[in-house]
Every structure is written in structure tokens, then in C-alpha cells.
Amino acid sequence: MTHSSPPNPWYREPWPWFLMTGPLLAILGCIITIYLAVTRFADQPIVDGGVMRGLVVERVQPAAAAPARQAGPASGAAPLDPAGPAPAAAARP
């Protein structure tokens, strides 16, 4: 009769540690990225005509270009379809 030794606990085996290494490195990289973003780049001013509304940064057009970009009934241009552009016709060979 052969006597087998009792199995090792899971933390004494190499495979669980090997398989946990990737997710643990990803978590560590995420923590480092968040730390660097908060400590080094949190107080940077917005440049190039941007305005911050809550957490969203939007680009603001200069006053001279703004009326030319707006389309609506008052400007005489046809309003945009909210469903998106019409599908392009198939090209005939």
C-alpha cells in the first residue's frame, strides 16, 4: 500500500500566485495612474477655448464663427434629422 502525502494548502502552490499576478499588476497600475492624475494634473487650466461644465469639458467656438455653424429655422437652413444622415445610394457599376 502506498502512502500519499496530504495536499499542500493553496497558498503553497505556485499556480494560484502565477495566475493572480496579472490582475494584481493591473490594479496596481490603475492605482498609480489615478494617483498621478490627481496629484500632478488636477489643477491644470483649460486652454484653447474650452469650458468645463461639471465633469465635461466642451470646446467653445469664437463669437464670429458661432452663427455660421448653427442650423435651424431662424438661420434659413434645414434642420438636421435626429435619426442621422440618410443612407447613401448604392453605386451602380
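Looking across the range 5-47 at every residue that is over 30 Å from E58 (Cβ atoms) and either in contact (Cβ under 8 Å) with a residue 60 or more places away in the chain or of a type in the set (G, A, S) (or both), the one that is surrounded by the fewest Cβ atoms within 10 Å (Cβ to Cβ) is identified as S5. Is it the case that the range 32-41 has a residue that's among the small types (G, A, S) and modelled with pLDDT of 80 or more? Checked against the condition, which is being among the small types (G, A, S) and modelled with pLDDT of 80 or more, the range 32-41 yields at least one hit.
The values are calculated or read from the model by the stated rules, or taken from the named source; none is laboratory data. Quantities reported herein were computed from a predicted structural model and do not represent experimental measurements. No Cβ is skipped: glycine too gets one built from the backbone with ideal geometry, and neighbour counts run over all protein chains shown.
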